[in-house]
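Before any comments, here is the structure.
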Amino acid sequence: MCQSYRKPCACGQKTSEIFFGKMVLDEAAVREVYCPQCSGTVEVDKASMVQDNGWLLELDTDVLRVFAPRMNMNPDEVTADKVFDEEYVTWVGFSPEDNVLRNQEREDIARRVGADKKAHFEALKTWAIDREKRFVEEGWRKARSKQPAGTA
């Protein structure tokens, strides 16, 4: 079973939720998370850090190298970007705080439409399409990677 992990950013103002897909890595692979407010104080290391819309996710390259063969990667060529983009360590949802935001938005829809099941279904369908477009427009890495070829 895949797992997720909640980790506060370095300054403690925000909390990210990280997903470990494909049952290879766990929280030992995560060194630090930096929100947009604290990421500006950090020197970016391309080998160990993923940049995503102002957020930085710092991974432990020693752990990544150990598990590289299980991810079908060469230990000498493994990078945080590859691990993130192939969803071994990534956000739950499209952004670090998406899981919480998504639940709040669904609750808002349920309150707004009440018991009307058809209206609820239609509202959820529209919301899902619009939110994915919004994440793409905002520049979130996972949203961009989910776009069909030839769109952007």
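The values are calculated or read from the model by the stated rules, or taken from the named source; none is laboratory data. A quick note: this is a predicted structure, and the numbers were derived from the prediction, not measured. Please note: Cβ atoms are built from the backbone with ideal geometry, for glycine as well, and neighbour counts cover all protein chains shown.
Consider segment 29-47. How many of its residues are of a type in the set (Gly, Ala, Ser) and surrounded by 14 or more Cβ atoms within 10 Å (Cβ to Cβ)? Selection size over segment 29-47: 2.
Residue 70 falls short on exactly one of the conditions (1) touching a residue at least 12 places away in the same chain (Cβ under 8 Å); (2) crowded, with 17+ Cβ neighbours inside 10 Å; (3) out of contact with any Lys or Arg (no Cβ under 7 Å at 6 or more places or on another chain); (4) under 24 Å from residue 26 (Cβ atoms), and that condition is (2). Whether any residue in segment 94-108 is of a type in the set (S, T, N, Q), crowded, with 18+ Cβ neighbours inside 10 Å and not in a helix (DSSP H, G or I) is what I want to check. Checked against the condition, which is being of a type in the set (S, T, N, Q), crowded, with 18+ Cβ neighbours inside 10 Å and not in a helix (DSSP H, G or I), segment 94-108 yields at least one hit. Being exposed (fewer than 15 other Cβ atoms within 10 Å of the Cβ) and farther than 18 Å from residue 95 by Cα is the filter here; which residues of segment 12-28 pass it? 22, 23, 26, 28, listed by residue number.
Which one is nearest to the chain's Cα centre (by Cα) among residues in segment 80-91 that are surrounded by fewer than 19 Cβ atoms within 10 Å (Cβ to Cβ) and either assigned to a loop (DSSP other than H, G, I, E, B) or among the polar types (S, T, N, Q) (or both)? Working first, answer last.
Here is the first cut: in segment 80-91, the residues surrounded by fewer than 19 Cβ atoms within 10 Å (Cβ to Cβ) are 81-82, 85-87.
Imposing the further condition that a residue be either assigned to a loop (DSSP other than H, G, I, E, B) or among the polar types (S, T, N, Q) (or both) reduces the set to 86-87.
Values: 86: 12, 87: 9 Å.
The selected residue is 87.
Do the conditions hold for residue 76, that is, is it surrounded by fewer than 17 Cβ atoms within 10 Å (Cβ to Cβ), farther than 26 Å from residue 16 by Cβ and in the same structural domain as residue 29 (by TED's automatic domain parsing)?
Answer is yes for this residue.
The criterion of being more than 23 Å from residue 16 (Cβ to Cβ) and not assigned by TED's automatic domain parsing to the domain that holds residue 54 does not hold for residue 105.
Does segment 76-86 contain at least one residue that is of a type in the set (Lys, Arg) and either touching a Leu at 6+ places or on another chain (Cβ under 6 Å) or under 30 Å from residue 125 (Cα atoms) (or both)?
Within segment 76-86, not a single residue is of a type in the set (Lys, Arg) and either touching a Leu at 6+ places or on another chain (Cβ under 6 Å) or under 30 Å from residue 125 (Cα atoms) (or both).
Please determine whether any residue of segment 119-135 is of a type in the set (Asp, Glu), modelled with pLDDT of 95 or more and surrounded by fewer than 12 Cβ atoms within 10 Å (Cβ to Cβ). Yes: one or more hits.
Would you mind finding the one in 76, 62 that is over 16 Å from the mean Cα position of the chain (by Cα), over 27 Å from residue 131 (Cβ atoms), part of a loop (DSSP other than H, G, I, E, B) and of a type in the set (D, E, K, R)?
Exactly one residue qualifies, and that residue is 76.
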